[in-house]
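Reading through the structure tokens given below for one structure.
All of the numbers you see were taken from the coordinates with simple rules; none came from a lab. Keep in mind that what you see is a predicted model, and the values were worked out from it rather than measured. Backbone-built Cβ (ideal geometry, glycine too); neighbour counts: all protein chains shown.
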Amino acid sequence: MPRNVLTTRTGRALTIVAAAAALAACGSGGETAGSGTTTEAAETRTVEHAMGATEVPADVERVVVLDTGELDAVVSLGVTPVGAVTTDVSTSLVSYLEDELAETEPVGTIGEPNLEAIAALEPDLILSNTVRHEDLYDEFSAIAPTVFAGDVGDTWKETLRLAGDALGEREQADELIADYEARAADVGGAVTGGDPAGTEVSVVRFLPGQIRLYGEASFIGTVLADAGFGRPAVQQVPETFVEVSAEQISQADGDVVFTAVYGAPEDTAVADVTGGELWNRLTAVQAGNAHEVSDDTWMLGIGVTAANLVLDDIESILG
């Protein structure tokens, strides 16, 4: 997804944040600093992150997450967030985590997080990243300790480790990544007879008004790299994606083509493109190796659970 910089700070939002901060101050009574008593609830850990250092409660209980990568990370670590945002084209949280998020409250969208709804949940930790919400970091921090990753997409493993630091589950995060990486290498070899580099995998995503070919600096790019697959030349770029027109769709060719759709298909060019002559000339299409996959897992998940579901798809489709 493209960078979404939020610059609007309304007076109402500032009032909400100020009220939240005042409530937090009023609720911090009990033992004073000079009493010589340190309660368990007062214990914290220092987490270094993209915006500096934040003191996070040692036993985090109420987490709000404001992007899909952070959402995958906390659920993968066994934590159910009390609040999370939806994408800008959906009223539901990502489908592949539906069962785990039955009790999670939506708190706006990625593009427009609802500060009032976040504050009402009384979180003790907020997780997001600078790409989506750098301009709102101070507002979030006034509600609860806030930890930001520095990027999205190909840095998803670092995001998982950062969530592990914030939740006191770094060892588990490292184990999840190691297990996934071993599995990715196994899957790539298994579905290609031991030569994944000899299979060029192309990834095409249809969005309203855009057609994208995904590069190496994307979530799905890292998963395919971990599995050892080759990529078409146009997708061997240190970028998240390359935008093409319908007339340039021949650049999407490969030994295998995976397609995904963001939002409602009728709002994109997917039907016109995949029903057109240029698409049907693609080598992968003529060989029966063009496959539609879930946008939620292949594009939006940006985490270790989504990555393993991508590997499931690759095993099922190519195995």
**Item:** Taking all pairs of distinct alpha-carbon atoms in region 42-83, Kirkwood radius in angstrom
**Value:** 11.4 Å
**Asked** In degrees, nearest 10, range 0 to 90: what is the angle between the Cα axis of helix 170-190 and the longest Cα principal axis of the chain?
**Response** 10 degrees
**Message:** Please give the Cα centre distance for region 60-117 versus region 166-180, rounded to the nearest Å.
**Reply:** 20 Å
**Prompt:** Given charges of +1 on the Cβ of Lys and Arg and -1 on the Cβ of Asp and Glu, with all other atoms neutral, how large is the dipole of region 100-253 about its Cα centre, in debye to the nearest 20?
**Reply:** 580 debye
**Request:** Sum up the charges of everything whose Cβ sits under 10 Å from the Cβ of VAL270, counting Lys and Arg as +1 and Asp and Glu as -1, but leave VAL270 out.
**Result:** -3
**Prompt:** How do 189-197, 126-134, 79-87 rank on mean C-beta neighbours within 10 Å, highest first?
**Reply:** 126-134, 79-87, 189-197
**Message:** If you restrict to DSSP beta bridges whose two residues both lie in the chain, what percentage is antiparallel, to the nearest 5?
**Reply:** 40 percent
**Asked** Quick one: Kirkwood hydrodynamic radius for the chain, alpha-carbon pairs, angstrom, one decimal?
**Response** 20.9 Å
**Fill in**
Only helices counted: for the chain, with every DSSP H run of 4 or more residues adding -39500 (n - 2.57) and the sum spread over all residues, [θ] at 222 nm is -10000 deg cm²/dmol
**Asked** Once region 177-318 is represented by equal point scatterers at the alpha-carbon sites, with solvent omitted, what log10 I(q)/I(0) does the Debye formula produce at q = 0.10, 0.15, 0.18 Å⁻¹?
**Response** -0.30, -0.69, -1.00
